[in-house]
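Down below is the structure, laid out as structure tokens.
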Amino acid sequence: MMKTLHETADPVEVEVGAAPYLKHAVVHNDGSITERLQRVDWENLAHELDNYGSALLPKLLTSQECQALSALYAHNELFRSRVVMARHGFGRGEYKYFSYPLPDLIGDLRSALYPQLAPIANRWHQSMNIDVRFPQQHAAFIDRCHAAGQLRPTPLLLQYGVDDYNCLHQDLYGEHVFPLQAAILLSEPGRDFSGGEFVMTEQRPRMQSRPEVVPLTQGDAVVFAVHNRPVQGQHGTYRVNLRHGVSRIRSGSRHTLGVIFHDAL
């Protein structure tokens, strides 16, 4: 069974149980997440994902929401575990996985993004001759994960300081893997930090890896392939393998929200 690089460690557990006032600390002041996603050109986003394995959702979150989410990092009661990357060879920096129940905004992001991405995920699986198909609603997919023993929530907050970085990896976590995920930059480049670019690599058969750097500003989300994506070749469709990471932080500090749609063993 394949696991994420970040799940090979024995993370330090922290107390579970979200404080009610923190659960509702983030307030939508630019319309609900669902309303914001209705303004997205999903045809163009699907085209970007098909061609590059990643696509940008500019300003999905407001600066106030980004700041409020970053502030949650200090509240251990919201999280199920903490991972210090250097202890396990994952890079430098640290991250924490949220426990259930998720903060409202994170739960909204998960449940509202998934239905927009499920048709793309199903089309990719069909192209790659993978039999698994995904239900239209996220709750039904989570039921599938939980029935297979993947019970641990995977949304996470990542925190980086000077000289921190995240090695190239894949967030797989178990048998049931949704092929797309999202990362949202909560800090402002040039003000809060420098460096720290979101990086992807793509390995095609018998070819060298292709790098892709996705420029992000505060509140931007990048949707990207977790593991494989289909590519049309001269002799049919084949799979390419993708990994993602973060380059070295040159100055300041950087926070990121990771939105993964499958739960973990």
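List of remarks:
- Semi-axis lengths, largest first, of the ellipsoid equivalent to segment 82-197 are 28, 16, 16 Å, with √(5λ) applied to each eigenvalue of the Cα gyration tensor.
- Kirkwood-type hydrodynamic radius, segment 27-94: 15.2 Å, calculated from all non-identical alpha-carbon pairs.
- Stokes-Einstein diffusion for segment 189-252, with the hydrodynamic radius set to the Kirkwood value over Cα pairs and evaluated at 20 °C in a medium of 1.002 mPa s, equals 158 µm²/s.
- Rounded, prolate or oblate (a/c below 1.5 giving rounded, otherwise prolate when a/b exceeds b/c) for segment 147-265 by Cα gyration tensor: oblate
- About its Cα centre, the dipole of the chain is roughly 580 debye, where the only charges are +1 on Lys and Arg Cβ and -1 on Asp and Glu Cβ.
- Close amide H contacts of Gly174 (hydrogens built in the peptide plane, cut-off under 5 Å, sequence separation of 5 or more or a different chain): Thr4.
- Computed from Cα atoms, the angle from the helix 104-127 axis to the main principal axis of the chain rounds to 10 degrees.
- Listed values for segment 38-48 are Karplus-derived 3J(HN,Hα) couplings in whole Hz (6.51 cos²θ - 1.76 cosθ + 1.60, θ = phi - 60°), namely 5, 8, 7, 7, 6, 5, 5, 4, 4, 4, 5, and x replaces Gly and Pro.
- For segment 167-217, diffusion coefficient by Stokes-Einstein and Kirkwood Rh (Cα), 37 °C, 0.692 mPa s, µm²/s: 241 µm²/s
- Less than 5 angstrom separates the built amide H of Ser81 from those of Val14, Tyr97, all sequence-distant by 5 or more or on a different chain.
- Debye intensity ratio in log₁₀ form over the Cα atoms of the chain, taken at each q of 0.10, 0.11 Å⁻¹: -0.47, -0.58
- Residue of Ile33, Ile106, Ile130 that the Gaussian network model of the chain assigns the largest fluctuation, springs spanning Cα pairs under 10 Å: Ile130
- Solvent-accessible ranking of Arg191, Arg133, largest area first, probe 1.4 Å: Arg191, Arg133
- Fraction of accessible area attributable to carbon and sulfur, the chain (%, probe 1.4 Å): 50 percent
The values are calculated or read from the model by the stated rules, or taken from the named source; none is laboratory data. Treat the numbers as computed from the prediction; the structure is a model and nothing was measured. When we count neighbours, we look across all protein chains shown, and the Cβ atoms used for this are built from the backbone with ideal geometry, even at glycine. Please note that ligands, DNA and RNA were not included when accessible areas were found on the heavy atoms of the full protein model with its side chains. Shrake-Rupley method; radii C 1.70, N 1.55, O 1.52, S 1.80 Å.
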